[in-house]
Structures are given as structure tokens and as C-alpha cells.
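Since every read-out is calculated from the coordinates, none of them should be taken as a lab result. What you are looking at is a predicted structure, and each value in this text was computed from that prediction instead of being measured. Here Cβ is always computed from backbone atoms with ideal geometry, including for glycine, and neighbour counts include all displayed protein chains.
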Amino acid sequence: MNTQTQRQGGATLEAGGPGTPAVSLHGITKTFGTNTVVQPLDLSIGENEFFSILGPSGCGKTTLMRMITGFETPTGGVVRLGGQDVTRVPTRNRDLNMLFQSYALFPHLTVFENVAFELRVRKTPKAEAERRATEALELVKLGHLAERKPDMLSGGQRQRVALARAVVSNPKVVLLDEPLGALDQQLRKEMQIELKRMQREVGITFIYVTHDQEEALTMSDRIAVMSEGVVQQIDTPTAIYNQPGTRFVAGFIGSCNLIDVTAPAGAAGDRVSVEVAGVGPVEGVLAADGDRAMPGTLLLRPERLALTRDGSGIPARLETMTFLGEEWHYTLRAGESVWKVSVSSLDAERELAGVAEGAELRLSWRPEDARIVTR
Ligand SMILES: Nc1ncnc2c1ncn2[C@@H]1O[C@H](COP(=O)(O)OP(=O)(O)OP(=O)(O)O)[C@@H](O)[C@H]1O
Ligand SMILES: [Mg+2]
């Protein structure tokens, strides 16, 4: 909670009181013609939160962002900023800034003028505009290039100018739509660290769109995973990875074995036995409550599987083995499915030395690591 919120507390609890989310969406939906690209959605994003929206191309990420900024009018629902309904408020009167997927700098202006541009438009007094632009450039470590023109900068430096421009007016919320998309891998990694540092320093709510799962996992306080206009899960990075709520989330984030099963009725967390085709009964836990048997998926991360020469576990034939330095990746056939297993190189040396393709091995896991979902 910052001073702004404290000041607003009490009198205006409804709008902007303590604990009021920076952004909240209530039943927001968007339809183009007959095509619903964002299904009705409720979402709250906290003050100073680094919130990511993650999903494949075309799933509705940019459309969702544009509804928050006001560039797009929702077909239904309400957008609140700091508790206030802004659904019909034009973008320029919303306390936010958006860094677009394809941003552009003004080529005829210097780095400094690019950053100060918005402050000029807002008629900020000259001295204050200069101070703020200088600070924003310091924040992205570009103070020394203030007088250059954009065409004399590297891609990463241009990206930094765009970032400085997005935070210079100190908005409550900055929305960033795939801001690192155009950068090479190395620069992307550096900028991820920079961005995270900046966000902490300035204490602004960041809403960050990416289709890169690793980026979302490393940077975010919370992630919303989207698919085809539907938000599948909103959670912390560890919960998204360790407790995926749907088959899509499990398959999209990291690598996962997705085994078709019939999920029995029961309560979330119940330990149950399910039949795997050609294998027999295996154990797992239900991810959610269900009052009747449903087609489901057994979710098992490759690193949660143990591979042994013998002992208990289901019989599996080794099909491929790949060395990746830190670990080995194995694929095995058990029943009608192919299973992926990753084993640290140390464990592989200890347990599986001399094992070759075609070997008959055993696969086992702790029941609590096998989640059964019905979506
Ligand atoms: N103005 C529009 N008119 C009609 N359809 C649109 C419009 N804008 C977006 N769409 C459609 O809405 C869907 C979601 O688009 P959106 O741009 O939100 O996807 P995205 O998740 O941002 O994808 P990407 O990762 O490729 O940027 C797509 O099928 C797109 O074709
Ligand atoms: Mg997009």
C-alpha cells in the first residue's frame, strides 16, 4: 500500500481504498462480428504487481490489454482502475501507459526528446519534464546517450528508450505487449532482469504480455494463462508449474506427460486410482472436486518420474535417450502411451549406468505428483 492509497483511504473506500486492486475486470468480454475473442473474464491485479498474460498467438492477449487501456471498447463488462469504473473513460484520461508490440520512436527527435515527449504534450513545466526525463533515462541506464538519435542506437538501446518513455509520466499502471519480442536471446535475458529491477524500483503495476513461458515464469508475481479467449488459470509461477489446473496449462508451461484417463468422482486432493490403457491401475490425486466420473488427464512432469532397473513401478521399454549435459531425457513406452522422463546426470550415472535403448525398466512416482484434471 502506498501513500496515495492511504490518503484515499476512509472517505472513498469504494474507489481507491486500501487494498483496492490497481486494475480489476468484471465480466469483460470482446466479440468481433460473431467471433468471441475474449470470453467473459473476472480478474484483479494488485498495486505494484508484476502480472503476466501468457498464451499462444491469437489467444486474445493484445485484445485484453487494449480493453484495459481503452483502445478497445469491451462488448460487455466493466473495467476498473484503482476502484473507479473507467469502462467509458477515454484512454488519455486513464492513469496508465502502454508499450506496444511494435513500438516506434520518433526518428527526428533525440533519445532525451523522445522520452520527454509525452510530458511536453501533457504540458508538464519544463524544469520538471527535464528532471523526470533525466531520471527515466538513468533508470534504463541510457543517460550517456541522451543526445543521440534513435537510428544511432542498438535494438536493445532503442527498447530501453521505449521503456523510459512508458514510465516517465509515472503512471499507476504500465502495460507491456511483448516488449522484448524483437530482441535476440542474449539481449532478451538481460532486458528481463532490467525490467524486473525497474518495476521494483518505480513501484508501478506492470501488466506484461508474452508467449514465452520461461519469461513469464522468471519475471512475474502472478501469471494468467490464456487459450482461445479463455483464461485457464491465474496463479503464481510455482503454482502454475506445480499445480496446473488444466491439460492446456500443463502442456503449455514446461514439459509434461499428458495421459488419458477416466477421472472418478471425488474431492480436490483425494488420492485415487485410475486405469491407464495397457498399463493397469495407477495412483494420483484429483486436482478439483467432481461429482461424477469424467474423461480426464493424468499430468506428470518428466522430472517427477523415477526410472529404475527393477523394483516396483510400471514396466516400460526405453525407446530413446538423449544427453543434455545437466540431465538426460528418456522416452519410454508403457502400455499405449509414450512417457517422457528427465533424470539429472548424477542420478543417471548412479542408477542407470550401462542402460541402452530397448531396455526394460520401471517407472514410478509419488501419487501426490500425479495430478488428474478433467479440463
Ligand atoms: N479488430 C479486429 N477485428 C477482428 N478480429 C480481430 C481484431 N483484433 C483482433 N482480432 C482477432 O482476435 C483474436 C485475438 O487477437 P489478439 O491480437 O488479441 O491475439 P494475441 O494473443 O495478442 O496474439 P499474438 O501473440 O499473435 O500477438 C485473433 O483471432 C484476431 O484475429
Ligand atoms: Mg498480441
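Normalised by the number of residues in segment 255-373, the mean separation of alpha-carbon contacts (under 8 Å, six or more apart) gives a relative contact order of 32 percent. Please list, or write none, the lysines whose alpha carbon is within less than 25 Å of the alpha carbon of residue 196, excluding same-chain residues fewer than 8 places away. Of all the lysines, those that pass the test against residue 196 - Cα under 25 Å, at least 8 places apart if same chain - are 61, 141, 172. Adding -39500 (n - 2.57) for every DSSP H run of four residues or longer, then dividing by how many residues the chain holds, sets the calculated 222 nm ellipticity at -7500 deg cm²/dmol. Tell me, Kirkwood radius of segment 180-338 from alpha-carbon pair distances, in Å? Mean inverse Cα-Cα distance, inverted, gives 18.4 Å. Neighbour counts of C-beta atoms inside 10 Å place 253, 193 in the sequence 193, 253, starting with the fewest. Here the simple spin-label model places points 7 Å from the Cα toward Cβ, and for residue 170 and residue 201 these points are separated by 1.5 nm.
Rg over Rh for the chain works out to 1.06, both radii taken from alpha-carbon positions and Rh defined as the Kirkwood radius. For 52, 364, 169, the sequence from fewest to most other C-beta atoms within 10 Å is 364, 169, 52.
Can you grab the distance from the C-alpha centre of segment 115-146 to the C-alpha centre of segment 334-375, Å, no decimals? Using only Cα atoms, the two centres lie 56 Å from each other.
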